[in-house]
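Structure first, then comments.
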Amino acid sequence: MNITLASSSDTVNWLRSSGLEIVLLILGAMLFSRFATFVRDRVTRRIDAGFRSSDALVRSEAAKHRHALAQVVTWVVLTIVYVLVGMEVLRRLGFQVSGLVAPAAVLGAALGFGAQRIVQDILAGFFLITERQYGFGDVVRIAVTGQPEPAEGTVEDVTLRITTVRNSDGEVITVPNGQIVKVTNLSKDWARAAIDVPVPASADITRVNEILHRVGTEAYADTKLQPLLLDEPSVMGVEDLAMDQMNIRMVARTLPGKQFEVGRELRVRVAAALRREGLSENT
């Protein structure tokens with residue numbers, strides 16, 4: 001009976017001292033995690049709400065960078081908090097944290113050799129984000145080590161370790177940041193729609209140029225296309241010349257990610273204009 005009372009007394013004393021502190025530390029870590037996630041979601045929602053364009057996936061460069069940075073900062077802060085809380089819990093359970101330094105160093109070295117790929121991914125992700133190579137909503141083409149075909153699509157998520165891209169078929173592609181060899185950002189600041197117009201080699205170049213200039217002027221004045229264009233489409237001139245055909249290039253600067261839509265619309269207008277003028281073309 002005395003043993004039971006002594007045991008109960010020790011348990012109560014432990015709960016009043018270290019036990020209560022451990023519970024409070026764990027609860028505090030959980031509450032802080034929820035708070036950090038709430039703040040991150042609120043920040044990203046404010047970024048999305050402040051975006052005033054026709055497509056929610058196309059954001060300004062600053063907004064895309066803040067979106068990715070909010071996710072990464074939250075992940076790093078929560079990791080640090082969990083590690084510190086874990087150390088404090090171990091200390092209150094009676095473990096000598098200072099005595100774990102040497103085993104931790106050995107374990108860290110072993111993990112370092114076994115997790116080089118993860119470290120490489122994290123370092124690559126850090127530089128991808130800090131250098132603003134791309135961000136959430138960008139249209140990118142990523143060359144991956146060991147893969148013959150690049151990963152191309154819209155960036156849906158960027159963390160320190162991986163980049164998630166959704167292609168035009170709706171497929172989600174996950175790319176480890178450490179395996180990225182080359183990134184082609186198709187929506188950085190502005191994009192360019194380029195179309196090559198094939199016409200017979202015997203056609204009057206001056207006349208064709210006038211037709212294309214007129215198409216560009218009409219497109220820039222159109223209420224549907226004008227918001228997507230940064231300036232009036234221009235004619236660059238003859239891009240390629242063959243025995244029976246020549247290609248005349250027409251380019252237009254567009255909003256990021258809108259080059260494909262603008263290119264399709266310009267092709268339709270060019271085809272109709274050339275047909276009206278009696279010039280055969282193959283766009």
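The values are calculated or read from the model by the stated rules, or taken from the named source; none is laboratory data. Every value quoted in this text rests on a predicted model; they were computed, and no experiment measured them. Glycine gets a Cβ as well: all are built from the backbone with ideal geometry, and neighbour counts include every protein chain shown.
Just a few scattered comments:
- Members of region 214-239 found to be of a type in the set (A, V, I, L, M), touching a residue at least 12 places away in the same chain (Cβ under 8 Å) and not in a loop (DSSP other than H, G, I, E, B), listed by number: V215, A219, L228, L229, V235, M236, V238
- One residue stands out in region 256-268 among those that are more than 14 Å from Q226 (Cα to Cα) and at pLDDT 90 or above: the one that is surrounded by the most Cβ atoms within 10 Å (Cβ to Cβ), namely R267.
- Hey, V172 touching a Lys or Arg at 6+ places or on another chain (Cβ under 6 Å) and outside the structural domain of V238 (by TED's automatic domain parsing) or not: yes
- Scanning region 234-255 for residues that are in contact with a Leu (Cβ under 7 Å, 6 or more places away or on another chain) and modelled with pLDDT of 85 or more yields V235, I248, M250, A252, R253, T254.
- Search result, residues across region 182-234 that are touching a Pro at 6+ places or on another chain (Cβ under 7 Å) and within 25 Å of E277 (Cβ to Cβ): G216, A219, Y220
- Residues (surrounded by fewer than 16 Cβ atoms within 10 Å (Cβ to Cβ) and in a loop (DSSP other than H, G, I, E, B)) located in region 151-173: N167, S168, D169, G170, E171
- Remark: V140 matches the filter, which requires a residue to be over 30 Å from R276 (Cβ atoms), among the aliphatic types (A, V, I, L, M) and touching a strand residue (DSSP E or B) at 6+ places or on another chain (Cβ under 6 Å).
- Residue in region 240-263 that is without any contact (Cβ under 8 Å) to a residue 60 or more places away in the chain and part of a helix (DSSP H, G or I) present: yes
- Among the residues making up region 230-246, a single one is under 29 Å from G153 (Cβ atoms) and buried (at least 18 other Cβ atoms within 10 Å of the Cβ): P233.
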